[in-house]
Amino acid sequence: MTFGQPFCGTDNGPALLREAGLLQKLTQLGWRVEDLGDMPIESPLVVKGPKSGENARKSTIVGNFALKLSEVVEERIHASKFPLVLGGDHSVAFGSLAGVLRARPNVGVIWIDAHADLNTPDTSGSGNLHGMPLGFLVRDVGADAKSVPGLEWLEGGTSIPPDSIVYIGLRDVDAGEREVIHR
């Protein structure tokens, strides 16, 4: 996934991890690995649906992909598999975390990132979705999924309570995110 932010190349991460031997190393550690490969992402030139707003850039393409990813993640969990999702930018978390929450609503999350990713279209300075997955998936943050093209499927879905998240590595927290964390 590379559409949650403006820079090219983040979508190469999964291929580079595979090339570096991640699957073999996991197997050597005793894990049974089933690589489902890269999920296809529709080109922005063919994505149908409402135009994304400036405060939630490329939301239709990110949301369509996230919905499909969430279904795969949920299905893998129900099949007693551990889904390890390798993504590009952090907008991939819309789908991976939503799928986990549907399958295991009482889960805890360890968020390893320099950023809190708690922005919403109303608090984001850039409108880039890679800074918003937890803004939509954490209970009572205030993101309105039904008003964001492509992310409407999140409306009324399972959310995670704020006290079920542990952050590691935070160093760059926006003012709106800081307010949410201090509640």
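The values are calculated or read from the model by the stated rules, or taken from the named source; none is laboratory data. Values in this document were obtained by computation on a predicted structure and should not be read as measured data. Methodologically, a virtual Cβ is constructed for each residue, glycine included, from the backbone with ideal geometry; neighbour enumeration extends over all protein chains shown. Please note that ligands, DNA and RNA were not included when accessible areas were found on the heavy atoms of the full protein model with its side chains. Shrake-Rupley method; radii C 1.70, N 1.55, O 1.52, S 1.80 Å.
Considering segment 132-149 alone, what residues qualify as being polar (S, T, N, Q) and open to solvent by less than 10 Å² (accessible area, probe 1.4 Å)?
Correct list: empty.
Which of (1) open to solvent by 40 Å² or more (accessible area, probe 1.4 Å); (2) at pLDDT below 95; (3) within 19 Å of Glu177 (Cα to Cα) is the odd one out, the single condition Ser124 does not satisfy?
Just one mismatch for Ser124, condition (1).
Filter segment 145-164 down to the residues that are in contact (Cβ under 8 Å) with a residue 40 or more places away in the chain and either more than 15 Å from Met132 (Cα to Cα) or not hydrophobic (A, V, I, L, M, F, W, C) (or both) and list them by number.
Selection gives Pro149, Gly150, Glu152, Trp153, Gly157, Thr158, Ser159, Ser164.
What single numbered condition from (1) closer than 24 Å to Gly108 by Cβ; (2) in a loop (DSSP other than H, G, I, E, B); (3) at pLDDT below 90; (4) over 16 Å from the mean Cα position of the chain (by Cα) fails to hold for Asp172?
The single condition Asp172 does not satisfy is (3).
Considering only segment 122-142, I want to know if a residue exists there that is among the basic types (Lys, Arg), within 17 Å of the chain's Cα centre (by Cα) and either under 23 Å from Leu69 (Cα atoms) or not in a loop (DSSP other than H, G, I, E, B) (or both).
Yes - at least one qualifying residue is present in segment 122-142.
Restricting attention to segment 83-100, and to residues there that are touching a residue at least 40 places away in the same chain (Cβ under 8 Å) and within 16 Å of Leu151 (Cα to Cα), which single residue is farthest from the chain's Cα centre (by Cα)?
Ala98
Can we say Glu71 is farther than 22 Å from His115 by Cα, surrounded by fewer than 16 Cβ atoms within 10 Å (Cβ to Cβ) and more than 14 Å from the chain's Cα centre (by Cα)?
So Glu71 does not fit the description; no.
Yes/no matrix, rows are residues, columns are (1) modelled with pLDDT of 90 or more; (2) part of a loop (DSSP other than H, G, I, E, B):
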{"site": "Asn12", "(1), (2)": "no, no"}
{"site": "Arg18", "(1), (2)": "yes, no"}
{"site": "Gly63", "(1), (2)": "yes, no"}
{"site": "Leu69", "(1), (2)": "yes, no"}
{"site": "Phe82", "(1), (2)": "yes, yes"}
